[in-house]
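Coordinate-derived values only; no laboratory data. If you're wondering where the values come from, they're calculated on a predicted model, not measured in any experiment. When we count neighbours, we look across all protein chains shown, and the Cβ atoms used for this are built from the backbone with ideal geometry, even at glycine.
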Amino acid sequence: MTYRLVCPKCRKEISEENWVYKHSCGSPLTVEYDLNGLKIDPGEIKRREWSLWRYKELIPAEKLVSLGEGCTPLVERDFFALKLYLKLDYLNPTGSFKDRGTAVTLSKVAEFKFSGVIEDSSGNAGISVAYYASSAGIKAKIFVPKDAPSGKIAFIKASGAEVVECNSREEAHEKAVKEAELSDYVYVGHLWNPYFIEGTKTIAFEIAEQLGWRTPDAAVVPVASGTLLLGLYKGFKELYELGLVEKVPRLIAVQGASCAPVYEALYGKKPSGCSSLADGLRVKNPPRLNEIVRTIKETQGCCIVVDNYDIHLYSSFAYKKGFIVEPTSITVFAALAKAVEEGILDKGEEVVAPLTGSGLKIVE
Ligand SMILES: Cc1ncc(COP(=O)(O)O)c(C=O)c1O
Ligand SMILES: [Zn+2]
């Protein structure tokens, strides 16, 4: 594959070997491909291995670290009078969609032969990085807020990774970056890492392939740092530019009421309510905020906010329907109901909703 690592703000190309997590101008980096002349044959993809690595032309890494990520089921339901497709990404190896981003990022770490990685996370990304690292003999140090669910912290520790508990999500990030400057471990923080989105975007490739190389009308996506939303967009856009699908779906972001920077940037007001149960949705300053807002506007999407009351209400809905997902993912069911109620989604519309995190990790 031909690709370049670039700063989208000043259009400078960055050398991969330096492994900087952001450009000197402060912007996160992105991976760009030369799609002209690239031929992707759906028939050939069909014959390839049953994992996200089947889309190798659009992944900037060799498969060096893998636990069998991707190719999760897409199940059709008629909830909320929609033609709804649930993408069961909580069935990934460590129980969340993060494994897509981690597999690509850690493969890159292995390519450059770094001995250890540093990550900051509210839980799922930390678990994912910890297990992918340990499976490849790479050391991991994970900075987490101390109020992360105890089950998630226990899982990280069980992998053999070192865990540093911090006072807040923000402190976890600051300490992780400082530690990386002082040690020979490399910072792979998923809020910034460009390879992470190259992994998350494969969810769009799979949805399109599972629908027979079509895209749905809309996608309803939980957003914290935006790696999933931006990955979906990048994946669908690349397929569109390659002529493999006819449209990019409308992207509807879901945020928690107590931490809704995307909602605030879009509508200029702060929502009220508490969403402490959605522990995966609490990034106050997403580095890619402008990109997220631009993407939502470009696809004619919007942002829906949910709170603990909504999460409680739709927890029993999700469980009774057979989906053992964590509260952060339950926000999606609440948002789908609101979107239909408020006329944001029309009855009968084709909508995809990724179910991002397993509920088995939060059992006390
Ligand atoms: C289960 C789950 N869903 C969604 C998200 C949001 O992902 P992103 O940070 O890519 O917006 C997270 C983030 O931690 C998560 O753990
Ligand atoms: Zn720059």
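Three principal axis extents of the range 98-192 based on alpha-carbon atoms, in descending order, are 34, 26, 21 Å. Along its first, second and third principal axes, ordered by size, the range 170-227 spans 49, 21, 11 Å in Cα coordinates.
Summing charges over all other residues whose Cβ lies under 14 Å from the Cβ of residue 253, with Lys and Arg as +1 and Asp and Glu as -1, gives +2. Here's the list of lysines a cross-link from residue 141 could span, going by alpha-carbon distance under 18 Å and ignoring same-chain residues fewer than 8 apart: 98, 108, 113, 152, 157, 175, 178. Taking the Cα centre of the chain as reference, the dipole from Cβ charges on Lys and Arg (+1) and Asp and Glu (-1) amounts to some 100 debye. Model label points for residue 240 and residue 178, set 7 angstrom from Cα along the Cα-to-Cβ axis, are 4.3 nm apart. Just to be sure I follow the rule: in the range 3-58, considering lysines 8 or more places apart or on different chains, how many pairs have Cα atoms under 17 Å apart? Close lysine pairs found across the range 3-58: 4. Divide the volume of the convex hull around the Cα atoms of the range 310-364 by the residue count and you get 82 Å³ per residue. Let a ≥ b ≥ c be the square roots of the eigenvalues of the Cα gyration tensor of the chain; is it rounded (a/c under 1.5), or, if not, prolate (a/b larger than b/c) or oblate? Verdict is rounded for the chain. Close amide H partners of residue 164, meaning residues 5 or more places away or on another chain with modelled amide H under 5 Å apart, are 142, 143, 144.
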